[in-house]
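Trainee: Before anything else, here's the structure in question.
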Protein chains: 2
Amino acid sequence: MNIENTKAQMRKGVLEFCILSILSDGDAYPTEIIERMKMARLVVVEGTLYPLLTRLKNMDLLSYRWEESTSGPPRKYYRLTETGTAFLRELEATWDQLVASVEQVTHKSHPTALDAAVPFNPQPAPAPEPGQQPNNHTSTNDNTETL
Amino acid sequence: MNIENTKAQMRKGVLEFCILSILSDGDAYPTEIIERMKMARLVVVEGTLYPLLTRLKNMDLLSYRWEESTSGPPRKYYRLTETGTAFLRELEATWDQLVASVEQVTHKSHPTALDAAVPFNPQPAPAPEPGQQPNNHTSTNDNTETL
DNA sequence: ATAGGTACTATGCAACACATAGTACTAAAG
DNA sequence: CTTTAGTACTATGTGTTGCATAGTACCTAT
């Protein structure tokens, strides 16, 4: 019911893909990554990004170096490793597959094989046999299944 | 590093959208939903689907009724409520936005405004000022930040 | 010295996909 | 009749990650 929660759930696993992709363009430090993603209307907060970068680094997908800044404290520039580059390709394939699957499920894009194979009746036309259980009442919020 | 785990994370929040969408086509019982999604290469397991259906029902997005089966035990047919239909529209918008955002981040689809606004240098060209900290060594797995 | 801005670290929580174990119902087989 | 197999659903615990929150550290300006 909470669309914001669902939005957060949908982002799980996706941010990793986005970060690796950004870094495939070249080194960056966290604030740049945040800005880059905000541009694409993917707002990431620090509590998410820093632990995520650390995890990716611990998995050898990223490396980093410290660099002095002329306008504040030093910055931690991250860079994609070769392992990270390879993993990014896998992520891309995984994401593309997911998008295709969701597209297929939600937009009925392939009515041919899908309709033919699915044992699916849009409306169960036959009423239940009279005199048998369960009693066919549509329970909206009624959890007492009469069975 | 584990692509299977990332795949599972990516699915979070998405399955809800798929299920509501399937039910927008008409009533269905769990096995039908599983089959429908398997057709789209979205393999969902019972331990995921049943609790999810229950959650959606508890949120008034679904209703259900029992129906006798001629080939086994009775089945629980789920149906989208009006609330569910409205929420499905929100989910669709949310998903589309996410896809668009990821597309933008990962494929650099908008080089104009994106490149102009992002304080992002692909390669920090200037070497760090000599004689200053931190010592600029690229730490691959070296966690001892000399700072 | 203090304040403000920037950058990073640490920690706990909620939610959900998944794995696993179990119960219940029906039809077929012995 | 009982047992077996297949189908359908329920219950519960775990691991992972986005998010919220609190805190530390560094640099510059006042």
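The values are calculated or read from the model by the stated rules, or taken from the named source; none is laboratory data. Note that the coordinates shown come from a computational prediction; the quantities given were computed from them, not determined experimentally. In this analysis, Cβ positions are derived from the backbone assuming ideal geometry, glycine residues included, and neighbour counts consider all displayed protein chains.
Trainee: Is it true that some residue in segment B:40-48 is within 8 Å of chain A (Cβ to nearest Cβ) and not small (Gly, Ala, Ser)?
Mentor: Checked segment B:40-48: at least one residue is within 8 Å of chain A (Cβ to nearest Cβ) and not small (Gly, Ala, Ser).
Trainee: Return the total of residues in segment A:49-76 being without any contact (Cβ under 8 Å) to a residue 40 or more places away in the chain and either part of a helix (DSSP H, G or I) or among the small types (Gly, Ala, Ser) (or both).
Mentor: Residues in segment A:49-76 being without any contact (Cβ under 8 Å) to a residue 40 or more places away in the chain and either part of a helix (DSSP H, G or I) or among the small types (Gly, Ala, Ser) (or both): 13 in total.
Trainee: Of the numbered conditions (1) within 7 Å of another protein chain (Cβ to nearest Cβ); (2) within 13 Å of DNA strand C (Cβ to nearest atom); (3) of a type in the set (D, E, K, R), A:Lys57 fails exactly one; give the number of that condition.
Mentor: (1)
Trainee: Here is a follow-up. Just to verify a result, which residue in segment B:35-53, among those that are among the β-branched types (Val, Ile, Thr) and over 15 Å from B:Leu20 (Cα atoms), is surrounded by the fewest Cβ atoms within 10 Å (Cβ to Cβ)?
Mentor: B:Val45
Trainee: Let me ask something additional. When you go through A:Thr94, A:Thr6 one by one, which is the residue that is within 7 Å of another protein chain (Cβ to nearest Cβ), under 30 Å from B:Cys18 (Cβ atoms), within 8 Å of DNA strand C (Cβ to nearest atom) and among the hydroxyl-bearing types (Ser, Thr, Tyr)?
Mentor: A:Thr6
Trainee: Looking only at residues in segment B:18-29 that are at the interface with chain A (Cβ under 7 Å from one of its Cβ atoms) and crowded, with 16+ Cβ neighbours inside 10 Å, which one is nearest to DNA strand C (Cβ to nearest atom)?
Mentor: That would be B:Cys18.
Trainee: Out of the residues in segment A:1-41 that are basic (Lys, Arg) and assigned to a helix (DSSP H, G or I), state the one that is farthest from A:Arg65 (Cα to Cα).
Mentor: Out of the qualifying residues, it is A:Lys7.
Trainee: When you check B:Glu32 against the structure, is it of a type outside the set (Gly, Ala, Ser), surrounded by 13 or more Cβ atoms within 10 Å (Cβ to Cβ) and touching a strand residue (DSSP E or B) at 6+ places or on another chain (Cβ under 8 Å), yes or no?
Mentor: no
Trainee: Looking only at segment B:77-86, which residues are touching a strand residue (DSSP E or B) at 6+ places or on another chain (Cβ under 6 Å) and either part of a strand (DSSP E or B) or within 16 Å of DNA strand D (Cβ to nearest atom) (or both)?
Mentor: B:Tyr77, B:Tyr78, B:Arg79
Trainee: Condition (residue is at pLDDT 95 or above and not in a helix (DSSP H, G or I)) applied to segment B:87-110: is it met by at least one residue?
Mentor: Within segment B:87-110 (the criterion being at pLDDT 95 or above and not in a helix (DSSP H, G or I)), the answer is no, since none of the residues qualifies.
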